[in-house]
1. State whether the stretch 297-402 is rounded, prolate or oblate according to the following rule on the C-alpha gyration tensor (a ≥ b ≥ c being the square roots of its eigenvalues): a/c under 1.5 gives rounded; otherwise a/b larger than b/c gives prolate, and the remaining case gives oblate.
2. Show log10 I(q)/I(0) for the stretch 188-264 at q = 0.19, 0.21 Å⁻¹, two decimals, from a solvent-free Debye sum over equal Cα scatterers.
3. For the stretch 23-65, count all C-alpha to C-alpha pairs, find those more than 16 Å apart, and express that count as a whole percent of the total.
4. Classify the stretch 57-97 as rounded, prolate or oblate, taking a ≥ b ≥ c as the square roots of the eigenvalues of its Cα gyration tensor: rounded when a/c is under 1.5, otherwise prolate if a/b is larger than b/c and oblate if not.
5. For the stretch 7-80, just run the numbers: alpha carbon Rg, then divide by 2.2 N^0.38 Å, N being how many residues it has.
6. Per DSSP H run of n ≥ 4, the term is -39500 (n - 2.57); total these for the chain, divide by its residue number, and report the mean residue ellipticity at 222 nm rounded to 500 deg cm²/dmol.
7. Students often forget the sequence filter, so: which lysines lie under 27 Å Cα-Cα from Lys350 once same-chain residues fewer than 8 apart are removed?
8. What relative contact order, as a whole-number percentage, does the chain give when Cα pairs under 8 Å and 6 or more residues apart are counted?
Amino acid sequence: MELLTDLFVSELIGKYIVDRSGRKLGKVRDVWVDPENPFPVVRGLMIRHEGELKVIPWQDIYMLSQRVVALQVINSDVHFEKVSKKQFYTSGILDRQIVDMNGAKLVRVNDIKLAGDSNGVHIVSIDVSLVGMLRRLLPRGWVRIQTSTRWLQPHFITWDMVQSLTSDGESLALRVSADKLSKMHPADLADIMENISHKERLELFCCLDPETAANTLAEVDLDMQVSILRQMDKERAADILEEMDQDEAVDLLSEMSEDDLDQLLSLMEDEAASDLRELLEYDEGTAGSLMTTDFLVFSEELTADGVIQRLRELAPEADYIYYLYVVDSVGSLKGVVSLRELIIASSESKISELMHTKVISVSAEEDEKQIRRLFTKYGLMALPVTDESEKVIGIITVDDVLSIKR
C-alpha cells in the first residue's frame, strides 16, 4: 500500500478502479468505513459493477492514492460484497452540520481527509471550509493550486473531536465537553439550537448544566422552549425551570398541559414551586404575569455600609439591583436608592436619608401597555409591583418589558 499523506474523499469519488491487469472495473461511488474505531478505518470502496452497486473489500485493494485506485487481484478474483444498510459510508458524513466550538456556530462537513500506511487508511479530519466544497465541485487539482498560493485555506477539525458514528448516521457532532459548552454564550448556543434537527437539539441540550440550559432556553422562541421541555426528563426539566427567571418560567409553564404542569411543580423545591404557582394565577399581560418575586428590599434603618454588606452576603443577580427599594418596619414601600448613590454615599449614612420618596410603582393587575408607557416615559430599569398595603410583591425589569410581544 502506497503511503497516504493528503487524500480527500472528494478526490476518490468518481475515480476509476483498475484491477491488476489494468482493466477498469468502475468508478468509486462511496467509501465504506468502520465507525467503531477512534479514527474510522476504510473497509472498502463502493462501485457500480455490471449494473449493481457492490463493495470491493479492503483486502483486494493494492493502491489508494491521488493518482490511482488499483487492486491487487484481477477482476474475476475480486471478493465483491453486497451493499448493506449495516455498512457505513462517507456519504453519511458529508454535508452534515456540526458545532464549531471555536467559531461558536454551525458548520457543514464539506470534505473528508484520509491518511494511512501499510496498516490501513483512516479518516483523520473533516474540512468545513469553502475550500472543501470547491474541492468537490471544481476540476481536480484546481483547489490544490489555489490553496498553495494562500488564496484559500481549508479549515480542518480533527476526527478525535467528533463523536462516534452510528450506522444510521444520526450522531455526528463535535466531541465537546459540558464544560466547553457552558463557556459559550447562551445566545450563540441558541443560534445553534435553532439550526439543527429536533433530535440533535435534545442531544446537545442534555450536555448543558441546568444554569446554562436555562439561559439558553430563554434565548429561543417559546414554541421551541415548549418542544424541548416536553421531550425532556421531567426531573431535569424541573431543575432547569428553577434556574430560569420566574417570569420566563411562568410563560413556559403556561403552555404546558395541566398534568405536565403539576408534575413539574411537584419536582421543584417547595419555595420555588409555591412562587411559580402564585405567579401562574395572574392573567396574561398583567404586571403580575411579568414580575419576578426574586427581589430585595432593605429596611430604612440600615446604613449604606450595612446595605452593601447585605448585598455581598446575598450576591443577587445584576437585574435585581438596578434600584434598591426601601421599606418601613411593616414592609411598606417608602423609597428607592440607586446603586450608584449607595456606593458614593458615606458608609454611616442611613438609606432613609439617601432614598427618593417619590417611587413609581404598579399593582399586580396593571396591564402591560401602561407598564411599557411608564418604562418609556421615566427611563426606568426596573419597576416595583405592590399590593394594597404598598408592600412590594415583585419587580419588573426592563428586560421583561423588552420581551413583550407588541
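Values quoted throughout were computed directly from the atomic coordinates according to the rules given, and no laboratory measurement underlies them. Note that the coordinates shown come from a computational prediction; the quantities given were computed from them, not determined experimentally. Using ideal geometry, Cβ is built from the backbone for each residue, glycine included, and neighbour counts are taken over all protein chains shown.
1. In terms of gyration-tensor shape, prolate.
2. Each listed q corresponds, in turn, to -0.72, -0.89.
3. Considering the stretch 23-65, 38 percent of its Cα-Cα pairs are separated by more than 16 Å.
4. In terms of gyration-tensor shape, oblate.
5. 1.03
6. Result for the chain, helices only: -9000 deg cm²/dmol.
7. Partners found: Lys334, Lys358, Lys391.
8. Relative contact order comes out at 10 percent.
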